[in-house]
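The values are calculated or read from the model by the stated rules, or taken from the named source; none is laboratory data. What you are looking at is a predicted structure, and each value in this text was computed from that prediction instead of being measured. We place every Cβ from the backbone using ideal geometry, glycine too, and count neighbours over all the protein chains shown.
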């Protein structure tokens, strides 16, 4: 004990004064050094808000990336559309090519199938042109008489328009065409330029489809070899799921379009509406746009029926829109497309509307197959499926950890690993 009560390691403390008390906790903390900050940054922000902010900036980045992708694709419209058409041609012609390749060289099978397809398309177009040329004179007389009947019909109940309404409308249209002839001519010339681009894109699509039909499997194998080894299995499953979905949707929608065209042709022939074959081709092409394409084509047929056959036949054609829509929605789509595309009608409607806003008619055509392929790929990658099988089939096959031949395998060996390994 030191002088005046001071310990051997303490300084002397004058009598009558009090030593400052030091907390034992602070002493221990000082001996250990600075500990963790009891007030971490962001503690005053609610956890729900932090989570929402995290998701928000990620969604913003994804939206920006999607916008950039759409902008780049819009600038490369011609090659992108050509590749899409090439994939459509490949999905339609691949089964007959595979069938003929069993008994002949594959290159010869591709040539035979392509020539037959071109002959069929050219024959249909030639038949449509011949039909329009043969019926054009009679159709002109019927349209002039039909316009007079429409004018007389509009003057009665329930419209009670003044006589000559349709005639005045025709005169105004003629005056507008005469006043804006130069503008219409420049528009027609720009349309001719679009026709040149269309022919160029179609030639590029046929050129690419030849190689896709002949050596598509080798091209896919080469593309896989450019990827890391650990991710090849996932990419292979995703690519096969995407192709099966796209090919199934393309073949299915062509079957639905052909069925609609046949039904419309039979109904128009029974009602004796002119230009049956061109209207069938229009219905076939319009049905490629889900939900809205077929009603638009039938509305054109209703206008032709109104001019050529009168309002009663036109009303019957309008009723045909409802009947064809019910057959397509409740019979053809469930039977033909349910095995390849399982998307709710609301999603289809929103996809078509969004595609039309982003890229017009072309966007409306490609929206549903793009969404279908994306959904199929997402479902395949979310499922620990067996390579070569869709995710739902692999799950049904009992692909579970620790079962079968995959037990004890390392992820790089292809079994039991996480998706993508």
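Looking across segment 370-379, just one residue is buried (at least 19 other Cβ atoms within 10 Å of the Cβ) and within 19 Å of residue 71 (Cα to Cα), and that is 371. Given the condition within 16 Å of residue 245 (Cβ to Cβ) and either modelled with pLDDT of 85 or more or buried (at least 19 other Cβ atoms within 10 Å of the Cβ) (or both), answer yes or no: does some residue in segment 319-334 qualify? There is no residue in segment 319-334 that is within 16 Å of residue 245 (Cβ to Cβ) and either modelled with pLDDT of 85 or more or buried (at least 19 other Cβ atoms within 10 Å of the Cβ) (or both). Surrounded by fewer than 17 Cβ atoms within 10 Å (Cβ to Cβ), out of contact with any strand residue (DSSP E or B) (no Cβ under 9 Å at 6 or more places or on another chain), modelled with pLDDT under 75 and closer than 30 Å to residue 73 by Cα, is that true of residue 382? Spelling it out, it is not the case that residue 382 is surrounded by fewer than 17 Cβ atoms within 10 Å (Cβ to Cβ), out of contact with any strand residue (DSSP E or B) (no Cβ under 9 Å at 6 or more places or on another chain), modelled with pLDDT under 75 and closer than 30 Å to residue 73 by Cα.
Number of residues in segment 278-299 that are more than 24 Å from the chain's Cα centre (by Cα) and surrounded by fewer than 20 Cβ atoms within 10 Å (Cβ to Cβ) equals 2.
Quick one: would you say residue 88 is under 25 Å from the mean Cα position of the chain (by Cα), buried (at least 16 other Cβ atoms within 10 Å of the Cβ) and at pLDDT 90 or above? Against the criterion (under 25 Å from the mean Cα position of the chain (by Cα), buried (at least 16 other Cβ atoms within 10 Å of the Cβ) and at pLDDT 90 or above), residue 88 qualifies. Only one of these conditions is not met by residue 365: (1) at pLDDT below 80; (2) within 17 Å of the chain's Cα centre (by Cα); (3) within 26 Å of residue 132 (Cβ to Cβ). Which number is it? Looking at each condition in turn, residue 365 falls short on (1).
Yes/no matrix, rows are residues, columns are (1) modelled with pLDDT of 70 or more; (2) farther than 30 Å from residue 315 by Cβ; (3) not in a helix (DSSP H, G or I):
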position: 109; (1), (2), (3): yes, yes, no
position: 117; (1), (2), (3): yes, yes, no
position: 120; (1), (2), (3): yes, yes, no
position: 131; (1), (2), (3): yes, no, no
position: 137; (1), (2), (3): no, no, no
position: 144; (1), (2), (3): no, no, no
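Is at least one residue of segment 212-226 surrounded by fewer than 16 Cβ atoms within 10 Å (Cβ to Cβ), touching a helix residue (DSSP H, G or I) at 6+ places or on another chain (Cβ under 9 Å) and not in a helix (DSSP H, G or I)? Scanning segment 212-226 turns up no residue that is surrounded by fewer than 16 Cβ atoms within 10 Å (Cβ to Cβ), touching a helix residue (DSSP H, G or I) at 6+ places or on another chain (Cβ under 9 Å) and not in a helix (DSSP H, G or I).
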